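Written below as structure tokens is the structure these notes are about.
The values are calculated or read from the model by the stated rules, or taken from the named source; none is laboratory data. Here the structure is a predicted model, which means the values were calculated and not measured. As a convention, Cβ positions derive from the backbone with ideal geometry for all residues, glycine included, and neighbour counts pool all protein chains shown. Heads up: the accessible areas ignore ligands, DNA and RNA and are worked out on the full protein's heavy atoms, side chains in. Shrake-Rupley method; radii C 1.70, N 1.55, O 1.52, S 1.80 Å.
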Amino acid sequence: MNPSILKGRSLLTWIDYTPEEIRYFLSLSKKVKEEAKKGMHKQRFRGKTMALLFEKRSTRTRCAFETAFGEEGGHPVFLSNQDIQLGAKESIEDTARVLGRMFDAIEFRGYKQEYVEILAKYSGVPVYNGLTDLFHPTQALADVLTIEENLGNCAGKRLCFIGDGRNNVARSLMVISAKLGMHFTIVSPRELWPDNELKNLCEGFAKTSGSTIIITDEIESGVNGADAIYTDVWVSMGEEALKAERIRMLSPYQVNAELMAKTGNKACIFLHCLPAVKGEEVTFDVIEGPQSKVFEEAENRKHTIKAIILATL
Ligand code: CP
Ligand code: NVA
């Protein structure tokens with residue numbers, strides 16, 4: 001693959017990328033991580049600017065974009081929805097066209113996937129989805145990097161997401177797993193299964209890559225044989241009103257020592273995109289225990305985001 005084909009591309013979801021292109025992002029992530037560990041910063045974004053639009057809160061994504069871009073000489077500009085006229089007093093199309101004339105790239109975190117798509121369509125610069133209600137693609141790349149650092153090539157490995165199976169993180173993991181040949185299971189109550197449209201699409205990718213997609217509400221069979229157990233908060237940003245209902249639905253799906261043992265795999269790792277609500281989706285002993293790789297995973301957000309910007313800008 002010629003890496004120049006990635007120049008100018010946006011990252012809205014991994015659906016638009018080939019397995020070969022995703023593997024290129026992964027290898028570049030490994031390379032920039034090694035360089036960063038040696039203290040090598042090459043000013044590769046000198047003279048470049050990026051608008052960071054945040055409708056929702058963020059620690060990792062914001063800091064990863066700001067530090068990855070800034071330490072290579074780029075100038076990130078953070079804009080919350082208190083600061084700009086995003087959809088409030090100005091259409092997204094107009095905001096996109098204005099920002100595209102002032103910035104070399106745009107990152108967007110917010111509610112509607114449609115917004116990030118409009119930004120990409122109208123701005124004329126690469127747009128990176130830093131989380132919407134539907135997808136969290138930069139997270140998924142960091143997750144795969146963490147899996148590969150701990151378990152080797154992800155193809156043929158078994159990743160099991162347990163919890164709110166229709167959220168942005170679960171959906172993004174389903175796409176990237178299917179593309180890269182990693183077996184992917186969602187263990188979740190039926191009410192929280194992802195939509196059939198995305199499932200069917202991913203099954204098509206999985207057929208090509210030689211992996212499988214399983215969606216089940218049965219915990220024992222679902223987690224058995226997993227190489228990595230992944231969970232996320234039971235209540236995503238914007239869904240706060242559903243908290244009581246989610247706790248009732250998802251309590252049996254908590255990741256605790258008993259559930260980790262049900263994998264039947266002592267080498268199984270535990271992943272979480274963070275922030276975590278300890279005592280809800282995961283117990284303190286699991287997230288703080290030896291199987292947990294959550295802080296490596298958080299660090300990998302920065303290296304993978306740097307690689308995404310490098311490849312596309
Ligand atoms: N994992 C993640 O996206 O974290 P933040 O919400 O802190 O950015
Ligand atoms: N599903 C979570 C992910 C946070 C990084 C949310 O959308 O709030």
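Listing for the model above:
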quantity	calculated
Accessible surface of the stretch 247-313, 1.4 Å probe, proportion on carbon and sulfur as whole %	59 percent
Gain upon complete extension [GLU149, ALA267; 0.36 nm per residue less C-alpha separation]	41.1 nm
Net dipole in debye of the chain [+1 Lys, Arg Cβ; -1 Asp, Glu Cβ; about Cα centre; nearest 20]	1000 debye
Reduced Cα scattering model of the chain, Debye log10 I(q)/I(0), q = 0.08, 0.12, 0.16 Å⁻¹	-0.34, -0.78, -1.36
FRET efficiency estimate (nearest 0.05) - Cβ-Cβ, LEU274 to ALA244, R0 22 angstrom	0.45
Whole-Hz ³J(HN,Hα) from phi, Karplus 6.51 cos²θ - 1.76 cosθ + 1.60, for the stretch 247-253, glycine and proline x	4, 5, 6, 9, 3, x, 9
Residues GLU220 and ARG57, FRET efficiency given R0 of 45 Å [Cβ-Cβ distance, rounded to 0.05]	0.80
Inverse mean reciprocal Cα-Cα distance (Kirkwood Rh) of the stretch 59-212, Å	17.1 Å
Selection from PHE103, THR212, LEU131, by position along the positive dipole direction of the chain (Cβ)	PHE103
Given charges at beta-carbon only (K, R positive; D, E negative), |dipole| of the stretch 209-268 in Debye	140 debye
1.4 Å probe accessible area per residue over the stretch 1-128, in Å²	50 Å²
Gyration tensor (alpha-carbon) shape descriptor, the stretch 152-232, a/c threshold 1.5	oblate
Shape of the stretch 158-313, Cα gyration tensor, a/c cut at 1.5	rounded
The stretch 1-110, accessible surface, carbon-and-sulfur percent (1.4 angstrom probe)	49 percent
Convex hull of the stretch 82-134 built on C-alpha atoms - directionally averaged projected area, nm²	3.3 nm²
Residues of type lysines that LYS48 reaches as a straight line, Cα spacing below 25 Å, ignoring anything fewer than 8 places off in the same chain	LYS7, LYS30, LYS31, LYS33, LYS37, LYS38, LYS56, LYS121, LYS302, LYS306
Cut-off of 10 Å, at most 12 other beta carbons, DSSP loop: longest stretch of the chain lacking such trypsin sites (Lys or Arg not before Pro)	90-265
Karplus 3J(HN,Hα) series, Hz, for the stretch 4-17 with 6.51 cos²θ - 1.76 cosθ + 1.60 (x for Gly, Pro)	5, 5, 8, 4, x, 7, 9, 10, 9, 7, 7, 4, 7, 10
Length released on extending from TRP193 to ASP16, taking residue separation times 0.36 nm less the Cα-Cα span	61.5 nm
